[in-house]
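A.B. asks: Before I ask anything, let me first share the structure, which is written out below as structure tokens.
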Amino acid sequence: MAPKNPPPLVTGVSPKEGPPGTRITIRGEHFGDDPRDLIGLKICGMDCLLSAEWKSSSKIIARTGPGKGKGDIIPITRYGGKGSCTVGFRGYFLQTGPLQESAVWIDESQTVRPNLDHGRPTAAMTAKEEEDPLGILDEGDKAKLSEEELLDLFQDASGSMSLENFSPGWYLMEHHQNASFEDLKAGLNYMKRKASQRSEGPITIVRSNLTSILDCLESLSAMYEKYTEDDIRGNCMNSYAVLLMQAKSCADGLFQEVLGRKDKADSTRNALSVLQKFRFLFHLPLNIQRNIQKGDYNMVINDYEKAKNLFADTEIKVFKKVFREVEWRIANFRDMLYKRLKDPQNTLDEQKKLIRYLVSLEYKGDPAWECLDNQQKWLIELLDDCKDDHIEEEKNSIQESLAQSQSSNQWKPIGRVNKSPTKSGLSRESSFSSLSSADHQASWKFKTPQKVLFIEDITDIMLQHFPDYWRLGQSYFTREKTEKGVKIDTSKHGKMKQMMAEVITLFANYVRAAFLPESLENLPDVEREKLGVWPTSAKQEHVSGSWLPTCVRNIRNCANTLSALDSHGDSSMIVLNELAFDMRTNCMFTLLKQAISDVKCLHTKETWVVETDDESGGTTQLPALFENIVNETVQHLHEVVVMNRAPEPEIFSQRPIQKEATVLCSQLLQAFSVCMEQLVFTPPLQKTEAKPNVKITLGQLDVELDQHEDSIPSLDKRLIIMLSNCSHTQFVVVPRIIENLTKHGYVEMEKALKAAQHTYSDLDSRLFTSYIEQKSDPILGVMEHNMYKGSFSWKTWKNTTEVRNYLKEIIMSLIEVHAEVYSISPKFVMRVMKKITEAVSEELSRLIECVQDFNAGGAIQARLELEALQNTVRIYSTPHVQACFKAAFDCIPELSDEGKEVVSKLLDKFRSRMKIQLMCFQQEMFTSTVKKANLTDSLC
């Protein structure tokens with residue numbers, strides 16, 4: 001993962017140099033937000049993280065390691081990566097003097113002269129050489145080089161002749177910078193002579209005094225011979241020895257007490273010196289206990305490593321005893337760390353620290369692998385508990401709802417009618433026996449399902465714990481790069497992947513068991529039961545579509561977050577992606593099916609209130625409700641299901657899913673036709689029932705009030721209203737829906753559009769035919785009866801004075817149809833009136849053709865009525881209407897000029913008296929209506 005913050009930068013250090021173990025203060029910026037962000041610190045190339053103490057984002061305190069020379073200070077943070085520095089630190093080693101304390105063995109061969117005179121005390125060493133080894137003086141005016149400049153010239157070197165890294169060049173530049181080359185050559189010769197004298201001194205003394213030494217030996221030999229000659233008894237030498245021993249015993253007796261006190265003081269002094277010199281070891285048990293209590297585990301480990309390096313192989317009894325106590329405390333400390341590591345509630349950083357501590361303490365097993373195994377078992381246990389708890393809650397909820405429904409079905413007394421007048425003088429019936437059960441049913445309906453809560457909880461578990469488990473597993477195989485001496489068993493890669501896959505597969509199967517049980521049909525029954533069997537109720541077998549998007553959103557977020565952990569596309573993550581894809585597909589199909597069901601139930605929401613506008617004519621709210629349902633479903637599906645994220649596959653990439661989605665979209669578009677047809681022919685019964693009047697009492701008067709709830713219109717009005725809705729849906733709503741579906745990625749919408757257009761065309765044809773029958777049948781059914789009313793006969797009719805009433809009734813019926821259609825949808829006027837005009841003209845033609853004979857008066861009356869009707873419905877004339885009128889005129893005998901004049905006068909009289917009625921059939925009023933009708937006819 002790329003760093004999120006700027007890399008750390010060191011801008012200051014204090015002090016700038018020192019020996020190993022120097023406490024330094026590092027200042028800079030971007031050192032992290034808390035101590036856990038600091039994951040590395042190198043000073044002069046040495047790892048000093050264990051001694052580092054994070055103070056703030058700009059300050060760190062640490063102790064230097066055994067680094068030599070000048071080097072950089074490089075901090076490493078979790079989110080900033082490897083840092084840089086603008087300053088450096090110089091590390092050097094101090095020479096330990098004979099009187100300085102040290103916890104390690106110091107080689108004093110170069111700094112302390114060997115004591116050749118064992119019987120005399122050692123002379124004190126001087127701090128530096130008494131004389132210059134070259135025997136020359138540095139006289140000159142040139143300034144000497146500083147120590148920093150010399151360090152830059154001679155890195156990892158020193159000018160002290162007592163150190164191993166002694167550099168002659170450093171010494172010459174420091175002490176004899178102004179000396180000439182000749183002086184240096186003279187100094188070299190001087191140093192050679194001094195060295196020769198030190199090596200040949202004893203031999204020269206013997207050579208120069210050889211005669212004196214031989215004379216001394218001869219004198220001692222002669223003295224021994226003389227003593228032997230004078231010794232009469234032969235034990236003179238023994239007597240001298242006895243006398244000397246007696247003198248020594250006397251001297252010892254005189255100074256025994258003094259010498260004893262001296263020895264005791266020397267012993268005490270030596271013991272105190274040992275305690276002082278090795279106080280680190282003797283104080284270590286107590287320091288370990290204190291540091292453990294303070295939580296400074298790094299200090300405990302560092303002290304233990306130091307003590308182990310110094311005293312692990314010691315033969316001194318007291319050191320062994322103390323070190324055994326240290327080992328015992330470290331063993332307890334190791335056990336405590338292991339117990340803490342077994343706690344699954346630890347954070348990832350805490351687990352890594354505990355593992356690093358145990359590895360540093362040489363834990364016998366593999367703490368990192370044991371922690372991974374323990375974490376996997378704990379995760380599986382969490383998933384199992386989550387599944388079991390929610391299944392149990394689901395069972396309890398179903399049982400509770402069944403018990404409450406049974407109790408609500410038990411017999412209850414009917415609420416009595418309250419006849420007493422109220423404060424305002426009104427009396428009404430009251431019955432509240434069903435309120436409690438209704439409230440309970442409503443609360444049950446809007447209660448969050450257990451499966452939804454289950455998805456929220458189980459995804460929270462995975463998002464909260466699995467990423468740390470994954471990172472811990474990855475760090476197990478990468479720690480060898482940062483931890484020296486740690487050998488990683490690479491054969492466990494496969495086992496690690498298997499452990500990860502077990503957790504992810506279990507999570508996916510638990511979700512499938514709850515939402516996609518059909519996808520687990522191939523599993524054995526035993527394994528299927530382990531995944532849990534969710535109880536079902538008669539009310540609701542599955543989670544409703546309103547909750548599925550929430551579940552899909554949680555699953556997709558979980559799958560995308562966990563998939564981002566693995567950049568190589570491991571097979572275990574494929575299981576998550578397949579689960580998310582199946583959940584998206586199931587959600588899409590469920591929401592589309594629910595939308596189909598909702599559209600089919602729209603007939604219950606019809607109010608029969610017609611709203612008219614210039615674009616769509618008269619329609620009710622149903623087409624808008626239908627379009628809203630579809631668009632809301634599409635938008636919801638686009639946000640939750642269809643819209644893809646980076647690693648997710650296209651939901652329509654698979655042909656079966658694409659085909660099923662197209663079929664469901666087509667069914668959704670056609671579902672509204674079922675609703676409209678049902679509203680026309682089988683409207684809801686509760687709407688048609690007559691509502692009783694409400695009786696109220698006002699003082700002493702009883703008043704009946706009609707309820708103002710709108711009833712369902714008659715069949716003919718329902719037909720024309722739904723005919724308008726159907727046309728608006730076919731030519732406006734459905735194309736807009738198709739455009740919206742195509743914009744959101746749905747494929748093969750052309751097929752769905754064709755199927756929907758065909759369905760709505762068939763519905764339009766059925767509704768139109770039914771409406772024409774409803775309106776034409778009453779007119780045609782009374783035409784013949786009214787034509788021959790009053791014993792009218794075409795043979796005997798003599799007095800023709802005006803158009804008869806039956807024809808006026810036909811015209812009034814046409815006006816009534818015209819008004820009804822125009823009030824709802826003006827664009828259907830022309831289409832409807834043409835069909836009814838054809839039916840009327842066809843029936844009238846039939847009646848005229850059936851007449852056997854006409855007299856002169858009958859012929860005048862027939863032509864008058866035919867021309868009156870023909871002129872009235874001229875704007876609705878069609879070829880069929882013209883043919884019918886022509887056939888009728890052909891059956892009427894030719895009129896004389898006088899008869900034609902009578903017909904003309906009577907037609908003028910008819911137009912004058914029916915002027916207002918005939919305005920409905922004028923061309924000027926229907927110019928816009930005709931245009932709309934022609935457009936509708938062309939589309940049909």
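A.B. asks: For I824, work out the one condition from (1) of a type outside the set (S, T, Y); (2) touching a strand residue (DSSP E or B) at 6+ places or on another chain (Cβ under 9 Å); (3) under 25 Å from G899 (Cα atoms) it doesn't fulfil.
C.D. replies: Going through (1) of a type outside the set (S, T, Y); (2) touching a strand residue (DSSP E or B) at 6+ places or on another chain (Cβ under 9 Å); (3) under 25 Å from G899 (Cα atoms) one by one, I824 breaks only (3).
A.B. asks: What pairs come up if the first residue lies in the range 505-531 and is open to solvent by 50 Å² or more (accessible area, probe 1.4 Å), the second is basic (K, R), and their beta carbons are under 7 Å apart, counting only those six or more places apart or on different chains?
C.D. replies: Short answer, once both residue conditions are applied: S519/R512.
A.B. asks: Among residues belonging to the range 9-24 that are among the hydroxyl-bearing types (S, T, Y) and open to solvent by 50 Å² or more (accessible area, probe 1.4 Å), point out the one that is farthest from the chain's Cα centre (by Cα).
C.D. replies: S14
A.B. asks: For the range 10-32, which residues satisfy the criterion of being closer than 15 Å to C85 by Cβ and of a type in the set (G, A, S)?
C.D. replies: G12, S14, G28
A.B. asks: Say we look at the range 758-776 and pick out the residues that are at pLDDT 90 or above, among the polar types (S, T, N, Q) and more than 15 Å from Q678 (Cβ to Cβ); which of these is nearest to the chain's Cα centre (by Cα)?
C.D. replies: Among those that are at pLDDT 90 or above, among the polar types (S, T, N, Q) and more than 15 Å from Q678 (Cβ to Cβ), it is S761.
A.B. asks: Also: Would you confirm, using the coordinates I've provided, whether I39 is part of a strand (DSSP E or B), of a type in the set (V, I, T), open to solvent by 50 Å² or more (accessible area, probe 1.4 Å) and out of contact with any Cys (no Cβ under 7 Å at 6 or more places or on another chain)?
C.D. replies: yes
A.B. asks: Determine which member of the set D313, D335, D252, D266 is outside any helix (DSSP H, G or I), free of Cβ contacts under 8 Å to residues at least 12 places away in the same chain and either more than 36 Å from the chain's Cα centre (by Cα) or on the phi > 0 side of the Ramachandran plot (or both). Step through it out loud before you land on a result.
C.D. replies: Numbers: D335 fails: outside any helix (DSSP H, G or I); D252 fails: outside any helix (DSSP H, G or I); D266 fails: outside any helix (DSSP H, G or I).
Going through D313, D335, D252, D266 in turn, the sole match is D313.
A.B. asks: Residues in the range 780-788: is at least one modelled with pLDDT under 90, hydroxyl-bearing (S, T, Y) and over 19 Å from S724 (Cα atoms)?
C.D. replies: Yes, some residue in the range 780-788 is modelled with pLDDT under 90, hydroxyl-bearing (S, T, Y) and over 19 Å from S724 (Cα atoms).
A.B. asks: Sort through L372, L358, L383 and tell me the only one that's more than 27 Å from M462 (Cβ to Cβ), modelled with pLDDT of 85 or more, in a helix (DSSP H, G or I) and among the aliphatic types (A, V, I, L, M).
C.D. replies: After applying the criteria, what remains is L358.
Residue by residue, here is whether (1) among the small types (G, A, S); (2) in contact (Cβ under 8 Å) with a residue 24 or more places away in the chain; (3) open to solvent by less than 20 Å² (accessible area, probe 1.4 Å) holds:
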| position | (1), (2), (3) |
| --- | --- |
| D777 | no, no, no |
| G781 | yes, no, no |
| K798 | no, yes, no |
| N805 | no, no, no |
| I810 | no, yes, yes |
| E820 | no, yes, no |
| I836 | no, yes, yes |
| E843 | no, yes, no |
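A.B. asks: Just to be sure, is K194 assigned to a helix (DSSP H, G or I), among the basic types (K, R), closer than 30 Å to G169 by Cβ and at pLDDT below 80?
C.D. replies: Working: assigned to a helix (DSSP H, G or I): yes; among the basic types (K, R): yes; closer than 30 Å to G169 by Cβ: yes; at pLDDT below 80: yes.
Answer is yes for this residue.
A.B. asks: What number of residues within the range 323-363 satisfy the criterion of being open to solvent by less than 20 Å² (accessible area, probe 1.4 Å) and β-branched (V, I, T)?
C.D. replies: The number of residues fulfilling the criteria is 3.
A.B. asks: Only residues that are surrounded by fewer than 17 Cβ atoms within 10 Å (Cβ to Cβ), part of a loop (DSSP other than H, G, I, E, B) and of a type in the set (S, T, N, Q): list them for the range 589-632, please.
C.D. replies: T607
A.B. asks: Starting from the range 616-627, keep only residues that are in contact (Cβ under 8 Å) with a residue 60 or more places away in the chain, then list their pairs with residues that are crowded, with 18+ Cβ neighbours inside 10 Å and among the acidic types (D, E) whose Cβ atoms are within a distance under 8 Å, requiring at least 6 positions of separation or different chains.
C.D. replies: Here the result reads T620/E606; L622/E606, each pair linking the range 616-627 to a residue that is crowded, with 18+ Cβ neighbours inside 10 Å and among the acidic types (D, E).
A.B. asks: Can you find even one residue in the range 873-890 that is part of a helix (DSSP H, G or I), within 30 Å of G618 (Cα to Cα) and touching a Leu at 6+ places or on another chain (Cβ under 9 Å)?
C.D. replies: yes
A.B. asks: Which of the residues spanning the range 269-284 are open to solvent by less than 70 Å² (accessible area, probe 1.4 Å) and in contact (Cβ under 8 Å) with a residue 12 or more places away in the chain? Spell out the reasoning first.
C.D. replies: Taking the range 269-284 and keeping what is open to solvent by less than 70 Å² (accessible area, probe 1.4 Å), we get 271, 273-274, 278, 280-282, 284.
Answer for the range 269-284, where residues must be open to solvent by less than 70 Å² (accessible area, probe 1.4 Å) and in contact (Cβ under 8 Å) with a residue 12 or more places away in the chain: F278, F280, L281, F282, L284.
A.B. asks: Working carefully through the options E865, E894, find the one that is charged (D, E, K, R), on the phi < 0 side of the Ramachandran plot and either part of a loop (DSSP other than H, G, I, E, B) or under 60 Å from the mean Cα position of the chain (by Cα) (or both). Explain how you work it out, then say what you get.
C.D. replies: On the way: E865 fails: either part of a loop (DSSP other than H, G, I, E, B) or under 60 Å from the mean Cα position of the chain (by Cα) (or both).
From the options E865, E894, the qualifying one is E894.
A.B. asks: Give the range 291-307 a look and list any residue that's more than 20 Å from A62 (Cα to Cα) and free of Cβ contacts under 8 Å to residues at least 12 places away in the same chain, or say none. Steps first, answer last, please.
C.D. replies: Step one: of the range 291-307, the residues more than 20 Å from A62 (Cα to Cα) are 293, 307.
Of everything in the range 291-307, just one residue is more than 20 Å from A62 (Cα to Cα) and free of Cβ contacts under 8 Å to residues at least 12 places away in the same chain, namely Q293.
A.B. asks: Here are the criteria: (1) over 42 Å from the mean Cα position of the chain (by Cα); (2) farther than 26 Å from S160 by Cα. Tell me which single one L49 does not satisfy.
C.D. replies: (1)
The values are calculated or read from the model by the stated rules, or taken from the named source; none is laboratory data. As the structure is a prediction and not an experimental result, all values here were calculated from the model. Cβ coordinates were reconstructed from backbone atoms using ideal geometry, including for glycine residues, and neighbour counts include every protein chain displayed. The area values use the complete protein model at the heavy-atom level, side chains included, leaving out ligands, DNA and RNA. Shrake-Rupley method; radii C 1.70, N 1.55, O 1.52, S 1.80 Å.
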